[in-house]
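The structure appears below as structure tokens.
Quick note: the coordinates plus some simple rules give every number you see, no bench work behind them. These numbers were taken from a predicted model, which means no experiment stands behind them. Ideal geometry is used to build each Cβ from the backbone, glycine not excepted, and the neighbour counts take in all protein chains shown.
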There are 2 protein chains.
Amino acid sequence: MSAPGAEAGTAAAPASAVPAGVPLTFDGELARLVDFAKGDGLVPAVVQDAEDGTVLTVAYMDAEALRRTLESGRTWFYSRSRREYWQKGETSGDRQYVREVRLDCDGDALVVLVDQHGRGACHTGERSCFFRVIGTGPGVRAP
Amino acid sequence: MSAPGAEAGTAAAPASAVPAGVPLTFDGELARLVDFAKGDGLVPAVVQDAEDGTVLTVAYMDAEALRRTLESGRTWFYSRSRREYWQKGETSGDRQYVREVRLDCDGDALVVLVDQHGRGACHTGERSCFFRVIGTGPGVRAP
């Protein structure tokens, strides 16, 4: 006997089962305003940890990858080198569940706020792909 | 005759003078590892507020814009549409002073942590360029 909302035959689902993503409530008109043409069909998607703001990775979406992301609630990207779609974590288990997708002022970049599961976003095992520091300085505090 | 790049008559700068950026201490070898070729000479630079982690904007750097950024301590970008270099805030006054430049695992994207001066990063007057929300959801908290 299954609980309300349970999927058929999942009464004895293993503890390791992958949770489904929650589809996003989205603004289709705004999604159509994304300017994919400027970047040969692709826009950079900045994936940011929804909890602490860490920039985890930058990957690319075309219109189809954005649609899959919005409808599945997990991140989908398009690989420029492999020329194929990929869903983050499908191989590694390090999945990204989406809380928010934001579009910039001129429509050619996205920020995707996620719950990062597993070890992190980077294939090297680091939490963030941006683990190498090119340069540092004190900055100048705003007055 | 003045040195290249020097502005004449700045000895008695007014109190409202723009603070100079502080040049970064940087790793030239790592900077040479940036893979500009993958994006036709450009990499996306995610500019993030060093204080609160807000993603302020995404712009593009080529090798020269990165060099200028590291050496001046303020952000320089290359405009894909205007095909020219631009220093953030030079027109608007909304300058970005750099605290850190980070490189991602495969060398084709940068994160630039800044002290944002003025109103913010966006030409619209918003603090962040990412003020439009395409979609929202609850995400799935990591176990």
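Relative to the other copies, what are the label-point distances for A:THR124, with labels 7 Å from Cα along the C-beta vector, expressed in nm at one decimal and sorted shortest first?
Result for A:THR124, in nm, nearest copy first: 3.5.
Whole-Hz ³J(HN,Hα) for each residue in segment B:95-103, computed from phi via Karplus 6.51 cos²θ - 1.76 cosθ + 1.60 with θ = phi - 60°, x for glycine and proline: what do you get?
Rounded to whole hertz, the list is 7, 10, 9, 8, 9, 7, 10, 10, 10.
Filter the trypsin sites (Lys or Arg not before Pro) in segment A:35-106 to those in DSSP coil with at most 10 other Cβ atoms within 10 Å of their Cβ, and list the result.
On the way: sites: A:LYS38, A:ARG67, A:ARG68, A:ARG74, A:ARG80, A:ARG82, A:ARG83, A:LYS88, A:ARG95, A:ARG99, A:ARG102; in loops: A:ARG80, A:ARG82, A:ARG83, A:LYS88, A:ARG95.
For trypsin sites (Lys or Arg not before Pro) across segment A:35-106 that sit outside H, G, I, E and B with at most 10 neighbouring Cβ atoms in 10 Å, the list reads A:ARG82, A:ARG83.
Write down the Kirkwood hydrodynamic radius of the protein assembly as shown, to one decimal in angstroms, obtained as one divided by the mean of 1/r over all alpha carbon pairs.
Values: mean 1/r = 0.0497 Å⁻¹.
After inverting the mean inverse Cα-Cα distance, the result is 20.1 Å.
Can you give the longest stretch of chain A with no exposed loop site, where a site means GluC sites (Glu not before Pro) in a DSSP loop (not H, G, I, E or B) with at most 12 other C-beta atoms within 10 Å?
It runs A:8-89.
On alpha carbon coordinates alone, what is the Rg over Rh value for segment A:41-112, Rh being the Kirkwood radius?
Rounded to two decimals, Rg over Rh is 0.93.
Quick one: Debye curve from the C-alpha atoms of segment B:79-143, no solvent, what's log10 I(q)/I(0) at q = 0.12, 0.13, 0.19 Å⁻¹?
Debye curve over Cα of segment B:79-143, log10 I(q)/I(0) at q = 0.12, 0.13, 0.19 Å⁻¹: -0.50, -0.58, -1.00.
Going by alpha carbons, how many degrees (0 to 90, nearest 10) lie between the helix axis of B:63-72 and the longest principal axis of chain B?
Orientation of helix B:63-72: about 60 degrees from the principal axis.
Spelling out what I want: for every residue of segment B:134-143, take phi, set θ = phi - 60°, compute 6.51 cos²θ - 1.76 cosθ + 1.60 (Karplus), and round to whole Hz; glycine and proline get x.
Working through the residues one at a time gives 7, x, 9, x, x, x, 9, 4, 5, x Hz.
What residues qualify as long-range amide H neighbours of A:ARG74, i.e. H under 5 Å apart, gap of 5 or more or another chain, H built at 1.01 Å from N?
A:VAL98
For segment A:117-130, just list the computed ³J(HN,Hα) in residue order, Karplus coefficients 6.51, -1.76 and 1.60, θ = phi - 60°, integers in Hz, with x standing in for Gly and Pro.
Calculated HN-Hα couplings, in order: 9, x, 6, x, 8, 8, 5, 7, x, 6, 5, 10, 5, 9 Hz.
Determine the calculated [θ] at 222 nm for the protein assembly as shown from helices alone, applying -39500 (n - 2.57) to every DSSP H run no shorter than 4 residues and normalising by the residue count; nearest 500 deg cm²/dmol.
-2500 deg cm²/dmol, from helical runs alone.
Identify the residues of segment A:21-60 with backbone N under 20 Å of a label point that sits 7 angstrom from the Cα of B:ALA37 along the Cα-to-Cβ direction, or state none.
none
What Kirkwood hydrodynamic radius do you get for chain A when you take the inverse of the mean 1/r over all pairs of distinct Cα atoms, in Å?
It works out to 16.8 Å.
Along Cα→Cβ at 7 Å, what distances in nm separate the A:GLU51 label point from those on the other copies, shortest first?
2.6
When only C-alpha pairs under 8 Å and at least 6 residues apart count, what is the relative contact order of segment A:28-143, in percent?
25 percent
Distances in nm, one decimal, shortest first, from A:GLU71 to the same residue in every other copy, taking the label point 7 angstrom along Cα→Cβ.
Nearest to farthest, the other copies are at 5.0 nm.
Using amide H atoms built in the peptide plane, which far-off residues or other-chain residues are under 5 Å from A:TYR60 H to H?
A:ALA45, A:TYR78
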